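Asker: After the structure tokens below, expect a handful of questions from me.
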Amino acid sequence: METADVPQTVRSTDNYSNRAVRSWWADGFWDLAMAGFWLITAVWLYPLVRTLDFPSWTWPWPFITEESINPMSREITLWIASLFGIWIIYIVSAKLLIDRLKRRFTAPRLGDVRHAFFLPVGRSFGLIFLALYVAGCAALVGLFWTVKGGPHFFSAIGIASFGGILFLLGKRFDIPRYLWLAGVGTASCILVELLTTRADYQLGPRNFFDVSPLLGNPSLVCLIWAALLVAGGILTVRNVLRLPNAEA
């Protein structure tokens, strides 16, 4: 009798956990926070990609050096490391701010629902995401190489990783807007990447839409994800704020 009850108990616990996660994301505040994350990433990647791929690209700081061997290697390493530090500071700050916003605006309307910072997604979710991510990257690299003459590695990673995670979060926790964001965002990023122009290796990019055949234009991909998240987040927050306030 006890063993027969265990699967039902596990399913009930999983359902409760999924509902809690869904409620946590239901108000759209984290969509806006993720948009800020992608905006920061876009700004940081723009000079990095051009410095890595085009010898003529110069930047006042930090990509300026008198080294004759491995020029700018230290500056590039510090630039990449600083991005991880900024990510951590931003995520912690965003969580503190969103916790306050949820207590002030969301809790009176949807209830005060919380869960651990890292989503309780389970091993199967991670394995499915890994498979989807690898397959997506391979397909995108093949597409870009065939159509654009280069793999566009960084862009392929940005499209496959975030498109995949949004799709799986939408399916796993029944969040329809994430399914729409995954589809529209992935299609938009691929289309825009295909419409960009190839930059000259020696002369470097002439404008924002000149891309590296090797790395692509990941800043453009990041900006598309950020714009879609802002739109989805604002619409969702507006709908939540229209709900009656239980404390009123």
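The values are calculated or read from the model by the stated rules, or taken from the named source; none is laboratory data. Everything quoted here is computed from the prediction, not taken from an experiment. With ideal geometry, Cβ positions are generated from the backbone for all residues, glycine too; neighbour counts draw on all protein chains shown.
Asker: If you take the residues of the range 191-214 that are touching a helix residue (DSSP H, G or I) at 6+ places or on another chain (Cβ under 8 Å) and assigned to a helix (DSSP H, G or I), which of them is farthest from LEU101 (Cα to Cα)?
Answerer: Checked the range 191-214; the qualifying residue farthest from LEU101 (Cα to Cα) is LEU194.
Asker: Give the range 159-185 a look and list any residue that's among the small types (Gly, Ala, Ser), in contact (Cβ under 8 Å) with a residue 24 or more places away in the chain and within 22 Å of PHE29 (Cα to Cα), or say none.
Answerer: Correct list: SER161, GLY163, GLY164, GLY185.
Asker: Looking only at helices (runs of 4 or more DSSP H) that fall completely inside the range 22-119, which ones have 1 or more residues that are at pLDDT below 75 and either touching a His at 6+ places or on another chain (Cβ under 9 Å) or farther than 26 Å from ILE165 by Cα (or both)?
Answerer: 73-101, 107-110
Asker: Let me ask you something else. Taking the conditions exactly as written (crowded, with 19+ Cβ neighbours inside 10 Å and over 30 Å from SER23 (Cβ atoms)), does VAL134 satisfy them or not?
Answerer: Answer is no for this residue.
Asker: Which ones in the range 172-189 are buried (at least 20 other Cβ atoms within 10 Å of the Cβ) and within 21 Å of VAL147 (Cα to Cα)?
Answerer: Within the range 172-189, GLY185, THR186, CYS189 qualify.
Asker: Scanning the range 215-248 for residues that are surrounded by 15 or more Cβ atoms within 10 Å (Cβ to Cβ) and assigned to a loop (DSSP other than H, G, I, E, B), which turns out nearest to the chain's Cα centre (by Cα)?
Answerer: ASN217
Conditions tested, residue by residue: (1) touching a Lys or Arg at 6+ places or on another chain (Cβ under 8 Å); (2) modelled with pLDDT of 85 or more.
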| site | (1), (2) |
| --- | --- |
| ILE165 | no, yes |
| ARG172 | no, no |
| TRP180 | no, yes |
| LEU191 | no, yes |
| VAL221 | no, yes |
| ALA226 | no, yes |
| LEU241 | yes, no |
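Asker: I've got another one for you. What residue, of LEU140, LEU179, is farther than 30 Å from ARG103 by Cβ and part of a helix (DSSP H, G or I)?
Answerer: LEU140
Asker: On the given criteria, is ASN207 surrounded by fewer than 14 Cβ atoms within 10 Å (Cβ to Cβ) and in contact with a strand residue (DSSP E or B) (Cβ under 9 Å, 6 or more places away or on another chain)?
Answerer: Considered against the rule, which asks whether it is surrounded by fewer than 14 Cβ atoms within 10 Å (Cβ to Cβ) and in contact with a strand residue (DSSP E or B) (Cβ under 9 Å, 6 or more places away or on another chain), ASN207 comes out as yes.
Asker: Need the failing condition index for SER212 against (1) buried (at least 17 other Cβ atoms within 10 Å of the Cβ); (2) among the hydroxyl-bearing types (Ser, Thr, Tyr); (3) over 19 Å from ALA42 (Cα atoms), just the number.
Answerer: That leaves (3) as the condition not met.
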